[in-house]
1. If you take the beta carbon distance between Asn319 and Arg142 as r and set R0 to 25 Å, what does 1/(1 + (r/R0)^6) give as a FRET efficiency, to the nearest 0.05?
2. Could you give the dipole magnitude of region 215-268 about its Cα centre, charging the beta-carbon of Lys and Arg +1 and that of Asp and Glu -1, in debye to the nearest 20?
3. What are the extents of the Cα atoms of region 108-156 along their three principal axes, listed from largest to smallest and rounded to whole Å?
4. Using a 10 angstrom cutoff on alpha carbons, build the Gaussian network for the chain and name the most mobile of Asn242, Asn293, Asn88.
5. Give the long-range amide H neighbours of Ile70: residues separated by 5 or more places, or on another chain, with amide H under 5 Å away, using H modelled in the peptide plane at 1.01 Å from N.
6. Do any of Lys202/Lys282; Lys33/Lys150; Lys74/Lys202; Lys33/Lys282 go past 28 Å between their Cα atoms, and which?
7. Amide H of His209: which non-local residues (sequence gap of 5 or more, or other chain) have their own amide H closer than 5 Å, using H built in the peptide plane?
8. Going down the table (Lys303/Lys325; Lys224/Lys263; Lys269/Lys300; Lys149/Lys263), which pairs top 23 Å between alpha carbons?
Amino acid sequence: MAKKKNMNIAKYWDRLRYYWGRFLIVAKMIRKKQYFYCRALAGESGYNISINSDLTVSCSCQDSLMEGQIGDIKVNTFKEIFYGEKANSFRNQLAQGFYPTSICRRCFELLSVPEYVAHYKARNYQLPDGIMVENCVACNYRCKYCPGKKVLAHRKTAIISLEEMCRISSELNACNIKNVSLFKLGEPFLDDEIKDKIHILKDKNPEIHLYTSTNGMLIDSASKIEAALLFDSIYFSIDGINTHMLNQYQIGADFDAVMANVKSLVRIKTEKRSQKPILVWKYVVFSWNDGANEIEVAFKLAKEIGFDKLVFTLGGTPNPEDRAKRYFPKDFITLPDAVLESHSENEVVFDLNPKKSS
């Protein structure tokens with residue numbers, strides 16, 4: 001009984017924070033009128049529109065509380081959802097200068113534009129060429145600020161079934177979607193049928209490009225390794241250079257186990273003389289892992305182990321003390337032997353095999 005009461009209190013505070021956030025947003029807009037459009041809802045992004053583990057469809061990769069739900073594949077086709085009433089309501093609210101969800105204000109797909117552009121984009125949009133598919137919303141980690149429990153509470157099912165993946169594959173084919181990020185808010189390799197589901201996606205969509213993001217802990221069996229080799233690119237979220245450092249945020253991580261799994265993939269890639277999947281070390285930078293020594297060791301390890309790319313991303317946390325303060329991103333660019341591929345305010349990408357890439 002007490003547990004149920006605590007859950008109700010938690011839900012009450014979630015909703016209170018949501019409405020207070022919307023009030024502050026509206027108050028700010030009254031002071032200075034702005035107009036917006038969303039690249040994801042305009043069909044200009046191949047990332048944020050997502051089919052969730054329970055076949056609902058959301059407009060954002062950050063939609064943990066389902067505020068951005070625009071439809072359900074069990075009820076309508078993907079095309080009907082994307083051109084449907086809820087999605088159009090979101091577009092029109094943005095064009096009028098309002099955020100339809102509280103996550104809009106921190107979404108990188110949101111653009112502030114002149115009023116005439118906002119209204120044009122609300123009426124003129126197209127199906128995206130890429131989407132996210134959340135094959136599994138559960139996770140084997142307990143990351144420090146992850147809303148995992150809240151996400152699971154809002155999903156009707158945690159893992160997409162084989163039958164449901166067949167339906168999704170048909171939807172991708174019907175909409176000519178060529179790029180799929182097979183992950184969202186969970187760990188994709190916690191799905192024991194991931195290899196079969198990738199084959200289902202590729203059978204109806206042979207030209208599809210598949211990407212995933214993983215913590216790497218579960219790519220430790222023949223079946224999971226075979227599944228990993230079917231991707232075009234894999235991002236490994238490894239936020240440090242040892243287990244202690246990883247567990248400051250990625251609670252449950254084992255650095256040596258993850259790197260052993262990556263080494264196995266590199267070895268098999270070499271044996272097959274294959275350039276795919278492209279293996280990317282994604283290192284999220286916090287206050288405890290942003291020292292010059294840690295960054296240099298990560299760079300050295302990435303090259304030794306056989307990663308193709310190394311990406312440093314600024315970690316966003318609600319606690320200011322956890323955020324990287326010493327430097328970012330300018331000092332990363334001066335790493336010895338570093339071949340800079342790209343950099344922005346929040347991310348720096350190094351190509352570790354420039355000759356192979358070219």
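1. Taking R0 as 25 Å, the efficiency between Asn319 and Arg142 is 0.90.
2. 100
3. Largest first, region 108-156 extends 46, 23, 18 Å along its Cα principal axes.
4. Residue with maximal mean-square fluctuation among Asn242, Asn293, Asn88: Asn293.
5. Excluding prolines and chain starts, which carry no amide H, the hits are Val57, Ser58, Cys59.
6. Lys33/Lys150; Lys33/Lys282
7. Under 5 Å from the amide H of His209 lie the amide H atoms of Asn179, Val180, each far enough along the sequence or on another chain.
8. Going by Cα-Cα distance, Lys303/Lys325; Lys149/Lys263 fall outside the 23 Å limit.
Readers should treat all values here as calculations from the given coordinates under stated rules, not as data from a laboratory. The shown structure was predicted, so the numbers you read here are calculated from the model rather than taken from an experiment. All Cβ positions, even for glycine, are placed from backbone atoms using ideal geometry, and neighbour counts span all protein chains on display.
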